[in-house]
Amino acid sequence: MSVAVPVVSPNPYADVEDLTAFWQAPTSSSRATLLLTMASNRLRLLGEDVGVDTDAKANASAAYFSTIQWVVMESVKRALQAPVDSQPVETYGQTAGPYSENFKYTNPTGDLWFKKTELQAIGLYGKQSLTSISTSQNLYYDIYSS
């Protein structure tokens, strides 16, 4: 019986010091470190899907590196704005009579996600292509025609 060995991921595109300089010091540096690594690896996988080696491009261009670093930090910032111990509410309104409350949720589940404009900035959006679609039913019904 073999045990699967986890693959060690490459370094994240940004670290907690970068995030602190960009936005603010996170309340949990271990959570921020984990999210920075996860966001970086998610971008690497998106790049693989569209044929872009994000690590090679980041190493070849300081501008690309700073842009991909920005995308990672924006995604992590959105995830960190969702508190883990209370409701992730951006705005809250309350009225005394007839008793109404209004909430506007920011990122209720604390997901890591990228905006379309962020992915466009690093060349990972709009590169999908479709090569062919068969509209012929002959492939499926040939076995029944004999």
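The values are calculated or read from the model by the stated rules, or taken from the named source; none is laboratory data. Treat the numbers as computed from the prediction; the structure is a model and nothing was measured. Note that we place each Cβ from the backbone using ideal geometry, even for glycine, and neighbour counts take in every protein chain shown. Remember, those area values only see protein heavy atoms, side chains included, never the ligands or the DNA or RNA. Shrake-Rupley method; radii C 1.70, N 1.55, O 1.52, S 1.80 Å.
Can you figure out the FRET efficiency of Q81 with L45, using R₀ = 22 Å and their beta-carbon distance, to the nearest 0.05? Don't skip to the answer; put the middle values down first.
Numbers: r = 24 Å, r/R0 = 1.08.
For R0 = 22 Å, the calculated efficiency reads 0.40.
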Note, segment 45-55: 3J(HN,Hα) by Karplus (6.51, -1.76, 1.60, θ = phi - 60°), whole Hz, Gly/Pro = x, goes 5, 4, x, 4, 4, 10, x, 10, 8, 5, 5
Which value, in Å² rounded to 10, gives the accessible area of Y125 with a 1.4 Å probe and all protein chains present? 110
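Between K116 and D53, what FRET efficiency follows from the Cβ-Cβ distance if R0 is 35 Å, with the result rounded to 0.05? Walk me through the intermediate numbers first.
Details: r = 21 Å, r/R0 = 0.61.
According to the calculation, E is roughly 0.95.
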Go through E48, E101, E118 and list them by solvent-accessible area, largest first, probe radius 1.4 Å. E48, E101, E118
Roll a 1.4 Å probe over the protein heavy atoms and report the accessible area of F65 in Å², nearest 10. 80
